[in-house]
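The next block holds one structure in the form of structure tokens; read it before the comments.
The values are calculated or read from the model by the stated rules, or taken from the named source; none is laboratory data. Since this is a predicted model, take the numbers as computed values, not measurements. Note: ideal-geometry Cβ built from the backbone for every residue, glycine included; neighbour counts use all protein chains shown.
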Amino acid sequence: MAVQFFCVFLQPVMTYEELWRRLTPLYEVSEAKAIVRLVMETRCRLSLADMLCGKVEQLPAKSKQEIEHLFVQLEQGTPVQYALGEATFCGRQFAVAPGVLIPRPETEELCRWIKEQRTDRALSLLDVGTGSGCIVVTLALDMPQLMEVTAWDISTEALAIARENAQRLLADVDFQQCDALTPPDDHERWDIIVSNPPYVCVGEATDMAPHVLDHEPHLALFVPDDDPLRFYRTIGQYATNALRPGGSLFFELNPRYAQEVADMLLEMGMRNVELRKDEFGKTRMLSVSKEI
């Protein structure tokens, strides 16, 4: 009898509704349903129509065990991208783990802006604080005019994940371990510098969702309350020397400090500042250029 009971336990009855209801203590219903759809599509190739037709219950025992293991993680607050080990960014799948931030839609908008650069000449690009490599790999693959592509990160774990993504997606990127706060003394080396640096003040942590605060790397998220522009200042100063004349610097921003960052960069001698809003209406991106 004990053996029979054990087999039943390993083969739980699952329905679409049962699965999303398990997540409602942590998420709104619409988000819980979206997470279930993502898991089932990624792991079992089941569409919403398949799930509504009862095909979840018809999954093999091994698949059900895998799904149960994932949902135990999800119920503990693990972001679905970490549970799956991957995230979609600009139409590609990137490996992610707790050592890197989960790529976000706002950052996709930053990439699309950079890809608007229209020139036939060869360009060089640097991504400062690359994390999973989602920005630099996307640009390396989508901008054929990029002939030299480099990415920095201080984290060895992040660099390992970024290299894995570049190799799997066949992107030619030179990854280097470098602290953005102590950059090298480069002169007129880059045509484009892009960075999505840490920009959340420690005091803002109370406004963050627990699944972000408890799982994503604080090294890549936070800056001190008394120095919120720390990374923007240092990278901006580096760019004043390291950009070639006419080169561009792109930032993802903390909307609270967008205008301060713009004013600071203008004081450094940068020109042609442009701020853009993301799809949620927040001032999220900035571009400036070095005078020719």
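Numbers for the structure displayed
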item	result
The stretch 142-178, residues that are surrounded by 12 or more Cβ atoms within 10 Å (Cβ to Cβ) and farther than 25 Å from Ala122 by Cα	Ile154, Ser155, Glu157, Ala158, Leu159, Ala160, Ile161, Glu164
Criterion violated by Ile67 - all others in (1) within 28 Å of Leu139 (Cα to Cα); (2) in contact with a Cys (Cβ under 8 Å, 6 or more places away or on another chain) satisfied	(1)
Criterion: assigned to a loop (DSSP other than H, G, I, E, B), aliphatic (A, V, I, L, M) and at pLDDT below 95 - qualifying residue of Leu219, Leu181	Leu181
Arg104 outside the structural domain of Arg22 (by TED's automatic domain parsing), surrounded by fewer than 18 Cβ atoms within 10 Å (Cβ to Cβ) and within 22 Å of Val288 (Cβ to Cβ)	no
Helices (runs of 4 or more DSSP H) wholly inside the stretch 1-73 containing at least 1 residues that are acidic (Asp, Glu) and modelled with pLDDT of 90 or more	16-23, 29-44, 48-52
Count of residues meeting criterion [free of Cβ contacts under 8 Å to residues at least 24 places away in the same chain and closer than 20 Å to Gly99 by Cα] in the stretch 134-159	1
Residue count for the stretch 100-137, restricted to those that are of a type in the set (Asp, Glu) and under 24 Å from Ser155 (Cβ atoms)	3
Spans of strands (runs of 3 or more DSSP E) in the stretch 240-292 with at least 1 residues over 19 Å from Asp127 (Cα atoms)	271-277, 283-289
Every residue from the stretch 114-127 that is closer than 17 Å to Ser289 by Cβ and crowded, with 16+ Cβ neighbours inside 10 Å	Ile114, Gln117, Leu123, Ser124, Leu125, Leu126
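Yes/no per residue for (1) within 14 Å of the chain's Cα centre (by Cα); (2) closer than 21 Å to Glu274 by Cα; (3) not in a loop (DSSP other than H, G, I, E, B):
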residue: Leu101; (1), (2), (3): yes, no, no
residue: Glu109; (1), (2), (3): yes, yes, yes
residue: Arg112; (1), (2), (3): no, yes, yes
residue: Thr119; (1), (2), (3): no, yes, no
residue: Leu125; (1), (2), (3): no, yes, yes
residue: Met147; (1), (2), (3): no, no, yes
residue: Ala162; (1), (2), (3): yes, no, yes
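Quick grid of which residues meet (1) at positive phi; (2) in contact (Cβ under 8 Å) with a residue 60 or more places away in the chain; (3) not hydrophobic (A, V, I, L, M, F, W, C):
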{"position": "Ala49", "(1), (2), (3)": "no, no, no"}
{"position": "Val56", "(1), (2), (3)": "no, no, no"}
{"position": "Gln117", "(1), (2), (3)": "no, yes, yes"}
{"position": "Leu125", "(1), (2), (3)": "no, yes, no"}
